[in-house]
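The next block holds one structure in the form of structure tokens; read it before the comments.
The values are calculated or read from the model by the stated rules, or taken from the named source; none is laboratory data. Bear in mind the structure is a predicted one, so any value in this text is a computation, not a measurement. Here the Cβ positions follow ideal geometry from the backbone for every residue, glycine too, while neighbour counts run over all protein chains shown.
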Amino acid sequence: MTGESLTPATTGTGQTWFLKLLGGVYVLDGSAHRRIEPSLAAVLAYLALRGRTHKYRLAGWLWPDAGEIAARANMRQLLRRVRLSLGPDFIQGTGEIALHPQVRVDLVDFQRQVQAGALHDILTHQGELLEHLTFDNAPDFAEWLEGERERLLQLRLSAALRASEALRQDEKSAEALLYAQHALSLEPLSEEAARQVMMLYHGRGDRSAALQAYERFRQMLRDRLGVEPSPETQALGERIRLDALPRLAPRTVPDPLPLPALVGRDHELGVLAQAWERGQMIFVSGEAGMGKTLLTMTFAAGRGRALRFEALPGDRQVPYVTAARMVRRLLEHWPTGREPGGLPEWVAGEVARLVPDVFGQVGTPLTSAADRLRFFDALIELNRLACADIDVCVLDDAHFADEATSEFAEYFLAHLASLPQAPFPVWIDVYRDDELPEAARRTVQTLTDAGLAINLQLTPLSVEGVGELLGILNLPEGLQQQAARYRAYTGGNPLFILETVRDLSEGTGLDDLARLPTKVAGLIARRLSRLSPAALQMARAAATLGGEFTLDQLGEVLDLGPLAAVQGWDELGHAGIVRGESLAHDLMRVAIRAGTPAATQILLHRSSARALERAPGPSSAHAQRIAQHYQGGRQPLQAAAWYLKAAQGLVELMQYGPALKLREQAAALYEEALEFDLALDVRLGTLSAPWAEEQPAALRSVVDGLLRLASDDVQRAAARLGQATLRLAESNLQPVSLVTPDRAATSHQIRLEALDLAREGQALLTRESGLLHDRLQALLLRIEVKALVSVHDQAGLEERLGAAAALLTHLPQSQAAILLLYTVGEGLMRQAQPEGALDTVRRGVAVATALGDRYAALEGQLRVATLLEDQGRRLEAAALRRQLESPDREPQLSRLHYFNQLRLAANLVQRHAYGEALTLLERVARAADGQSPAGEALPRGVLWRAQVDLLWLLGAVTECQTAAECALAHPMPGDDAAGVPWIRLAQIHALLGQDQQAERALAHADAFLSAAPHLTYSRGLWHLAHAEFRAYTRRDRRDSLETVLTVARQHGHPELLTHALALRAQWHAGEQDWPAARRDAEDALARMTTAAPRDDHALPWRVLLELPGVDPAKHLAVASAARDWIGSILGHPLPRPYRDSFLARPTQRALLAVGSGLGQSLTGKED
């Protein structure tokens, strides 16, 4: 419900109340809102509409089966609860009771507005009386309620008809018709409303529409009631059929001025011609009305066949709506593409995402970066096929294009730039300088700086150019001499000049410059005033529809017959209001909207929404457009529902930030309509989305909404959940200091705050129960577990995991259940329960799959892969990661796929597939230079960190040092492992003999790892680096090795254990303790088949081969194994520099020397 201010009434004691009975039932008590239970809602509705009554009469109605004593007791308890929660004055009296006189009631306000004839306000009240409440156990009250609901309907109906009749008598037939149609939408069986619609159509000369309205009404009566219209309605229909059309006063519409040819732009045409000859892309920019389109199309016409596309106002908020319009235009030009087999099957399947109605199929949602690449390539292929006979393509008003289309355009332009000889037409983009988004502006600048494009900035016409323009408009002689005055007035803007001259041509004299209006809007308003009522209403409908529309859609909005629609459009075209199938220009749209009465705008928006609902369209863009019209029509409930549909469409396109904003827009509309439970449900749904924490900036508005409406324990618990979720999201944005011991203090503190907020929320739920309670408890519990994992509280984590296991036994399948299962998996892994973690996460994936949540299922699959890798099951994990279709080349990567590619690369490194890992990381690096689909830059620090390990194993010391320094300089916020490259840096400095730098790096790594005690493998690596650092004493190095062995055994790191055993064997050899050395070497060798060292795979072979007294047969077998391993590495594609540096690593070099001594080639070649 919207309308006048909903400020509650204030009593003498300062108490304020507003009672909402339409839709959901609430009492606004000051700034708080309170839910109303059904029995109390019944009492309040009766008191509001009937006034003072005896309380026990209502008790008998509401509890008829309870018996008199019990019913009266129920009523007393009910009134007691009211007085405790809303104050003793809200309901007055003891025997007979009544609402306080100052309690405002929405339904009573509506009745007063109807009586006052407030046309605007009668349209803004939505909702049924006590909507969604039923009283099957109280039949007497149910009967009364049904009567009141019917009375409300008749009140709305009569108000709309009264408004229609008043407007008709005021000779505002177009507005009168809108109100009559509104009345008929309220009660489709109302004969009075049907007759009013028929008479208004007939009165404006549209007999066909009047008869169509009659036939529709007659058929509805037959279908629903099996009866014919009343004699009065039938007689009206017959009279319309036989009567001549009402005689309309002839209207004088001046002949339109001819559209001008291009003048004053010879220099600009020359610049475009030079760019054409050089094969450059072309951008044409300038302010509105400067003649960009005319210049561009004139130039294009002289170069061959041209195809024009356009972006429209409103596109920017709807992803891919501009691209969808371009696809339709291409298929209109090349209809073969619409036919079966006209397009390659893969192209048709991708394009169907944007135009499902054309291909009779709905494309599957985009779920991966590979999907996005294939989708973009399909659009390029469609362009190539459809434009085979086209020389120039023009994108007009490119500044209106949506961000997703702009991302595709950047990819397309890069494709064109890389293939200058490709068979594509020349593209010219036209836009307004001051309205182009910053990202698109950067693309234009990059292309122009590289010499691949020009940007022609159009400036105002000179005085000479203005005179030339005036001279071709067939105006009286001598006007050209006033060109300087026209330029001073219009600023040399060709559109403003044309509108000024057109206005004067419809007045009394062309040479009276003193009559020039002060604003172009005034010129347009004057021309609109000369239109017939029907044509004016059509112009208003066109301006209201906005964006794209067809004449058929306009006819649907206004319920016009085809003939009437064409006649009205012709009048608009003759008056210069429209051109082709659109308004003449944007200023026309603005001026028409400014002159449309508010109530008329509301009805036109509603009619537009209903018309669009009946038309197919791309899901997200179309749904958002419908939502905007319902919002403009002051129907927030319908608008919110469509915004939620639009948000889901954006999720399927991986546009998570915009989707979250649309969801919050829906919640805000429910809140505006005082439907607080619906607003809460939407916001909880947002917090349940697995991608929500990636959007902390957008989450703040969600939290603000929850805090604003927190007036009972459930709502306060929801607000705590929102705050805790936001704090966790923000903790992941905290900068990581990689040097000081307290580097995680801020992030740690934020996570503790999130934990406290979640616990406060749980405490607020102790007295609640039901599905909402379980949903909130699950989400709060998930925050607790996540925070406890982050702050390494093992005792607290164990207790909360038990609570989660109990809740999951009866929690229904939901988004909340998915999030809780995934987070419990994290907790179980931290508790060293890998199998339990794996089973739990797989349960979450199953729920996500059953609910059709692709994002959550994808996230779960990635978690499963990570858990498999942590258990050493790398082949299984790699197979699962490869199912996500790693791209060959990417214009964009989603965040999830980005991390999946990095983890796959790490998996390959650990399995010694160095060449494949190198290729993958190079590909990901190229893709990371772009932006993620939500516009968020992908974190480069984790990419460099992945490169560090690979480069170290390949022996590329310089490149490894550079990558480590880059990773440390650009840590990903919230990344617990961001400081691990300090270990590699220490090893590099030690290798280069830079002992002081090595010690500093080890100290930095130690400080970092002290704040991340869960990184036990990295701590083991630190001790290994310490043990290998020659600057330390042998005893210190031996102690470090013993610590590594302890860490590896306690925390289950078998590869680390193998590495430490081999190094301890070397240490014993240095002490000439050959039995101990051989014992450790044999132990390390025995582990090679299942747990070879990650950092130095061949070390156990090297150590054994260097020991004296080894059995010759074993010596030969080990040498052969080492040769085979080196051969397997070199057998994969590996660039020559890396091949050489790999063979130069100490272990490989030592093995080559041993092999040479045995007369073998460990590289597979003859020595």
State which residue pairs qualify: first residue free of Cβ contacts under 8 Å to residues at least 40 places away in the same chain and farther than 11 Å from residue 311 by Cβ and inside the range 430-447, second residue among the hydrophobic types (A, V, I, L, M, F, W, C) and in a helix (DSSP H, G or I) in any location, beta carbons under 8 Å apart, and separation of 6 or more residues or different chains.
-> 443/409; 443/413
Which fully enclosed helices (runs of 4 or more DSSP H) of the range 601-700 have 3 or more residues being in contact with a Pro (Cβ under 9 Å, 6 or more places away or on another chain)?
-> 619-632, 636-652, 656-672
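The rows are residues; the columns are (1) buried (at least 19 other Cβ atoms within 10 Å of the Cβ); (2) of a type in the set (Val, Ile, Thr).
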site: 399; (1), (2): yes, no
site: 407; (1), (2): yes, no
site: 413; (1), (2): yes, no
site: 423; (1), (2): no, no
site: 426; (1), (2): yes, yes
site: 429; (1), (2): yes, no
site: 433; (1), (2): no, no
site: 437; (1), (2): no, no
site: 444; (1), (2): yes, yes
Mind checking which residues of the range 423-470 are at pLDDT below 90, in contact with a His (Cβ under 7 Å, 6 or more places away or on another chain) and either assigned to a helix (DSSP H, G or I) or among the aromatic types (Phe, Trp, Tyr) (or both)?
-> 435
Counted residues, the range 27-54 - those being of a type in the set (Lys, Arg) and either modelled with pLDDT of 90 or more or not assigned by TED's automatic domain parsing to the domain that holds residue 101 (or both) | 2
Only one of these is in contact with a Lys or Arg (Cβ under 9 Å, 6 or more places away or on another chain), outside the structural domain of residue 190 (by TED's automatic domain parsing), at pLDDT 90 or above and surrounded by fewer than 18 Cβ atoms within 10 Å (Cβ to Cβ): 96, 128, 143. Name it.
-> 96
Only residues in the range 587-603 that are farther than 16 Å from residue 535 by Cα and acidic (Asp, Glu) count as the first member; pair them with residues that are assigned to a loop (DSSP other than H, G, I, E, B) and modelled with pLDDT of 80 or more, Cβ under 9 angstrom, at least 6 apart or cross-chain, and list the lot.
-> none
Number of the exception - residue 1013 against (1) within 29 Å of residue 831 (Cα to Cα); (2) part of a helix (DSSP H, G or I); (3) of a type outside the set (A, V, I, L, M, F, W, C) = (2)
Do the conditions hold for residue 976, that is, is it under 45 Å from the mean Cα position of the chain (by Cα), under 30 Å from residue 794 (Cβ atoms) and not aromatic (Phe, Trp, Tyr)?
-> yes
Can you name the helices (runs of 4 or more DSSP H) wholly within the range 776-863 that have at least 3 residues being in contact (Cβ under 8 Å) with a residue 60 or more places away in the chain?
-> 815-830
With criteria (1) touching a residue at least 24 places away in the same chain (Cβ under 8 Å); (2) more than 48 Å from the chain's Cα centre (by Cα); (3) part of a helix (DSSP H, G or I), residue 1141 comes up short on (2)
Tell me, please, whether a residue that is acidic (Asp, Glu), touching a Ser or Thr at 6+ places or on another chain (Cβ under 9 Å) and closer than 27 Å to residue 419 by Cα can be found in the range 342-357.
-> no
Residue 722 surrounded by fewer than 24 Cβ atoms within 10 Å (Cβ to Cβ), out of contact with any Pro (no Cβ under 8 Å at 6 or more places or on another chain) and among the small types (Gly, Ala, Ser) | no
Among (1) among the small types (Gly, Ala, Ser); (2) under 16 Å from residue 17 (Cβ atoms); (3) assigned to a helix (DSSP H, G or I); (4) without any contact (Cβ under 8 Å) to a residue 60 or more places away in the chain, which single condition is residue 98 missing?
-> (3)
List every residue pair whose Cβ atoms lie under 6 Å apart, where the two residues are 6 or more positions apart in sequence or sit on different chains, the first residue falls within the range 1014-1030 and is free of Cβ contacts under 8 Å to residues at least 24 places away in the same chain, and the second residue, located anywhere, is part of a helix (DSSP H, G or I) and among the β-branched types (Val, Ile, Thr).
-> none
